[in-house]
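The values are calculated or read from the model by the stated rules, or taken from the named source; none is laboratory data. Quick caveat, the model's predicted, so the values are computed rather than measured. As a convention, Cβ positions derive from the backbone with ideal geometry for all residues, glycine included, and neighbour counts pool all protein chains shown.
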Amino acid sequence: MKRQPPRQIVVVDSAAELAERAAWRLIERVSGRERAAVCLTGGSSPQALYRLLAQAPWRGEVPWDRVHWFIGDDRFVPESDPLSNMGAARRLFLDRAGAPRRNVHPIATDANYPDGAARLYEDELKAFYGADRLDPARPLFDLVLMGLGGDGHTASLFPHSPALDETQRWVLGIAKAGMAPFVPRVTLTFPALASTREMLFLVDSADQREILSRVLGGEDLPARRARCDGDLVWLVVRAAAPER
Ligand code: 6PG
């Protein structure tokens with residue numbers, strides 16, 4: 001069986017502190033590298049972090065020319081739609097901070113259908129990585145951000161979906177989302193998400209307390225199945241953290 005590195009849980013006092021800690025972790029992961037890759041997430045939990053990245057002092061610390069931005073999942077809507085995850089990331093920080101356009105890698109949600117977009121994105125990731133197979137010793141990403149949905153989903157990997165068991169494909173089209181918004185999705189699979197030096201879950205709200213305790217308690221929910229070739233870190237606000 002593949003060795004799973006220990007999971008680290010970092011508890012912080014507030015959502016504002018969570019965003020700051022996440023921003024510094026991101027900067028640390030992308031600094032000093034010739035080329036860095038970050039896989040962003042959607043939903044509400046990364047939004048404060050995204051805003052910080054466009055502001056001082058964080059903005060000045062990101063080597064924008066050398067960082068490439070991908071997205072772990074997206075809703076199959078145009079980027080101008082408020083539901084678009086990459087659209088939100090662009091509005092909240094990528095455009096404001098002046099990230100070079102060639103460094104931003106959206107999922108082609110204007111393709112004909114989600115699985116077509118998934119194949120295009122898989123090709124793009126493989127071209128960026130420079131190989132068709134992931135080598136645990138050479139991760140695809142430097143940092144993968146992850147969220148935790150109310151049903152235990154992460155990225156667009158929903159409970160009971162066959163996508164949870166995917167071992168070959170890097171990206172999949174998801175015809176039916178398990179939770180609102182009920183639009184088709186495109187998602188990276190667990191093997192692709194695992195190929196990172198750090199996977200960072202962001203849990204920023206007291207509403208996530210119950211689902212987080214189920215995940216950390218070992219229930220077979222998608223977020224629990226997430227694996228990582230590097231460090232697996234949960235950054236959690238105290239109001240959502242399990243009692244000690
Ligand atoms: C999406 C997200 C999803 C999200 C969780 C948590 O496209 O819906 O990528 O996986 O991270 O649903 O959402 P919140 O951050 O809004 O709690």
task: Taking ASP123 as the residue in question, decide whether it is assigned to a helix (DSSP H, G or I) and surrounded by fewer than 21 Cβ atoms within 10 Å (Cβ to Cβ).
output: yes
- prompt: Does LEU188 count as in contact (Cβ under 8 Å) with a residue 24 or more places away in the chain, within 15 Å of the ligand (Cβ to nearest atom) and either of a type in the set (Ser, Thr, Tyr) or touching an Asp or Glu at 6+ places or on another chain (Cβ under 8 Å) (or both)?
  reply: yes
task: Hey, can you tell me all the residues within segment 127-157 that are assigned to a loop (DSSP other than H, G, I, E, B), more than 15 Å from the ligand (Cβ to nearest atom) and out of contact with any strand residue (DSSP E or B) (no Cβ under 8 Å at 6 or more places or on another chain)?
output: GLY130, ALA131, ASP132, ARG133, LEU134, PRO136, ALA137
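Rundown of residues vs (1) closer than 15 Å to TRP69 by Cα; (2) aliphatic (A, V, I, L, M); (3) in contact (Cβ under 8 Å) with a residue 60 or more places away in the chain, yes/no style:
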site	(1), (2), (3)
ASN112	no, no, no
LEU120	no, yes, no
ARG133	no, no, no
LEU157	no, yes, yes
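If you take the residues of segment 158-178 that are closer than 24 Å to ILE9 by Cβ and in contact with a Gly (Cβ under 8 Å, 6 or more places away or on another chain), which of them is nearest to the ligand (Cβ to nearest atom)? Walk me through it before giving the result.
Initial filter on segment 158-178 (closer than 24 Å to ILE9 by Cβ): 158-159, 164.
In the following step, the residues that additionally are in contact with a Gly (Cβ under 8 Å, 6 or more places away or on another chain) were identified as 158-159.
Numbers: PHE158: 9, PRO159: 12 Å.
Here the answer is PHE158.
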message: List the strands (runs of 3 or more DSSP E) inside segment 17-97, counting only whole elements, that have at least 2 residues being away from the ligand (no atom under 16 Å from the Cβ), among the β-branched types (Val, Ile, Thr) and in contact with a helix residue (DSSP H, G or I) (Cβ under 7 Å, 6 or more places away or on another chain).
response: none
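Could you please find all residues in segment 194-211 being under 24 Å from ARG75 (Cβ atoms) and away from the ligand (no atom under 11 Å from the Cβ)? I'd like the intermediate steps shown before the answer.
Of all residues in segment 194-211, those under 24 Å from ARG75 (Cβ atoms) come to 194-196, 199-205, 207-208, 211.
Within segment 194-211, ALA194, SER195, THR196, MET199, LEU200 meet the criteria.
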message: Looking at segment 232-244, can you tell me whether even one residue there is at pLDDT 95 or above and loosely packed, with under 14 Cβ neighbours inside 10 Å?
response: yes
